[in-house]
Structure formats: C-alpha cells, structure tokens
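Beneath this line is the structure, given in structure tokens, with notes to follow.
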C-alpha cells in the first residue's frame with residue numbers, strides 16, 4: 001500500500017512540474033538614446049540623394065519664390081517662438097555641462113605698510129616701507145557619484161532635439177504652404193493668359209458673324225450664341241482675377 005502511495009505521489013509531482021510555466025529572464029533595460037534612434041530611423045528610409053535639403057524650394061530656380069519664403073520664415077511669430085525655446089533649451093544644456101567641469105578660482109592681494117622707527121626692528125627696517133603680495137587659488141569639483149547630472153544632461157539634450165525637430169517642422173510647414181500657393185498662383189496666371197487669348201478669338205469671331213449677319217449670310221441666333229460665349233469667358237476671367245488677388249494676399 002505504501003509503495004502505491006509513493007508511486008502515485010511521484011506521478012503527481014512529475015505532472016505538476018510539467019505544468020509550471022517557464023519565465024524568460026528579463027533583459028536589462030538600456031537607457032533610451034533619442035539621438036541614436038533618430039539617426040537610425042533617418043538612415044533606414046532616407047539616403048544621401050533623396051534627403052530633403054534645408055532650402056528645398058530653390059530647385060524651382062525662382063528668385064521671387066526664394067525671397068517670399070525667406071521673408072515668411074524670418075518674420076513668422078511661430079518660428080521665433082520655437083527658436084526661442086530651442087535656444088533656451090540649448091543654453092540650459094550648456095550650463096549643465098559647465099557644472100560637470102572643474103571650477104578653478106584664483107585671488108590675489110597687495111598691501112604696503114611702514115614699520116615704525118620706535119619698533120623693536122632696528123634701521124634700516126624700522127621706518128622703512130614694505131610691500132606684501134598674496135596669491136591664492138582653489139580647485140573645486142563636484143563628483144557626480146549617482147550620475148544625476150549626467151541623466152539631467154541627457155534629458156535636456158533630448159529636449160533640445162525635440163525643439164530642433166519642432167523648428168524644422170514649422171519651417172517646412174511654412175515653406176510648403178507658401179510654395180503651394182505660389183505655384184497655384186502661377187498656374188492661375190497661365191490660365192488667365194489662355195482665357196484672354198480665347199476672349200480675343202471669340203471677339204474676332206463675333207465680328208465676322210456680325211458682318212455675315214449684316215450681309216444676310218447668318219441669322220441672329222448665331223450672333224446671340226457667340227455673345228453668350230464671350231460673356232461666359234469674361235465671367236471666368238473676372239472670377240480668376242479675384243482668386244489670384246486672394247492668393248497674393250495670403251502670400
């Protein structure tokens with residue numbers, strides 16, 4: 001009986017042992033390096049040839065467009081605000097770096113005194129003047145045993161990178177918006193030229209129809225249709241002019 005109980009307990013123990021889940025050992029969490037991650041993600045989908053240039057709009061070779069975008073970026077309040085945050089974050093980073101460097105201080109002093117003739121010192125020491133110079137220095141260094149300052153600097157660097165990225169995004173938004181409006185404006189100007197040409201052709205055709213009508217070679221309805229056509233072209237021209245003026249104001 002005892003042997004059966006022992007055998008049964010052994011089987012149960014083996015079964016329970018097989019049911020125990022296995023846990024993988026947690027890997028040590030490495031410190032997140034935002035700069036390295038940005039560079040890695042950048043190199044993974046952008047090569048040297050396709051990288052967006054800082055002044056990408058210059059590929060159009062339009063000096064007026066270059067001037068418009070440069071002025072907009074320089075005068076934009078949003079750009080100035082982001083630049084101020086970026087410069088402030090960068091200044092804090094430099095200040096934190098300076099705190100980790102050894103601090104050297106030095107001081108000096110000079111004094112001139114006269115020994116009394118009645119003093120215990122005999123001439124020529126008694127009654128004479130003597131100069132005294134003192135020079136001193138100190139070296140101070142705050143050891144960062146717990147890496148508190150190092151972590152603070154890395155955190156501040158991440159903030160600087162974030163502000164820099166925000167600055168680039170703002171610049172890109174402004175430049176792309178102006179470029180889109182500018183190209184659309186130029187396209188409308190070309191359309192306006194074509195409409196003016198169409199209007200001139202339609203007016204010439206109206207003159208020819210009028211001559212034919214007076215000689216009885218055509219009817220009044222042909223003249224009316226041509227006048228309606230001219231009226232529609234004129235309306236399109238006026239509407240397009242208003243659109244162009246609106247885009248100019250936006251730019």
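A short reminder: the numbers here are calculations on the coordinates, not readings from a lab. All values derive from a computational prediction rather than experimental measurement. We place every Cβ from the backbone using ideal geometry, glycine too, and count neighbours over all the protein chains shown.
At-a-glance table
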quantity	calculated
Cα-derived Rg to Rh of the stretch 164-251, Kirkwood definition	1.33
Residue order, fewest to most surrounding Cβ atoms within 10 angstrom, among 187, 60	187, 60
